Amino acid sequence: MNDRSTPMADPPKLQLKATDSEDIETLSALLQDALIGGSDMAYDKIEGCFVFLANRYCWELEEASYRCLCGVNIRNVRRVQYRNMALTDDPASINQFYNLLALSYEKAEQTLRLIFSDGAALACHLDEVNIIIRDVSAPHPGLRTPDHT
């Protein structure tokens, strides 16, 4: 039995790679309700990657409410567009957090969309799907379970 005030002793850590739209559906489910700081997102034009650090809700741990830090690296990115967001280069990003609702992929346009609550959205225009997610911390107790009713 886990004490809800401390991290899990030997937790499983996710490390996954997405290379097609079906994989993105899986990542979307795992990253649903992740909290992401505006200052924790960055687009590297030279490397062609968009990265972010998410405080993801651990949906796979059914026994209690846990979150963990998860790094996401979206590769082969040609361009990034966003709406209603303050990102790394904006001073307002330091205090801004976004609740990730879903990831979706439009194959014809080769566009990965990150859909956030309150009308915020981000689009990564890709050459090909190549996304890696990896937990970088042990799960820690969350304040509450997200409610979608």
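Here are the numbers for the structure shown:
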{"quantity": "Rounded tilt (10° steps) of 21-31 against the dominant C-alpha axis of the chain", "calculated": "40"}
{"quantity": "Area accessible to solvent at TYR57, 1.4 Å probe radius, in Å²", "calculated": "10"}
{"quantity": "Loop trypsin sites (Lys or Arg not before Pro), the stretch 37-132, which have at most 14 other Cβ atoms in a 10 Å radius of their Cβ (DSSP)", "calculated": "LYS45, LYS107"}
{"quantity": "Simple spin-label estimate for ASN95 and ALA108 in nanometres, 7 Å along Cα-Cβ", "calculated": "4.3"}
{"quantity": "Accessible area of ILE132 in the full protein assembly, 1.4 Å probe (Å², nearest 10)", "calculated": "50"}
{"quantity": "Qualifying GluC sites (Glu not before Pro) for the stretch 50-149 [loop in DSSP, other Cβ within 10 Å: at most 13]", "calculated": "GLU60, GLU62, GLU63, GLU109, GLU128"}
{"quantity": "Shape of the stretch 17-58, Cα gyration tensor, a/c cut at 1.5", "calculated": "oblate"}
{"quantity": "1.4 Å probe accessible area per residue over the chain, in Å²", "calculated": "57"}
{"quantity": "Rounded percent of accessible protein surface that carbon and sulfur make up, the stretch 18-107, 1.4 Å probe", "calculated": "49"}
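The values are calculated or read from the model by the stated rules, or taken from the named source; none is laboratory data. Just so it is clear, the structure is predicted and the values come from calculations on it, not from any experiment. Quick reminder, even Gly has a Cβ in these numbers, built from the backbone with ideal geometry, and neighbours come from all protein chains shown. These area figures cover heavy atoms from the full protein model, side chains too; ligands, DNA and RNA do not enter into them. Shrake-Rupley method; radii C 1.70, N 1.55, O 1.52, S 1.80 Å.
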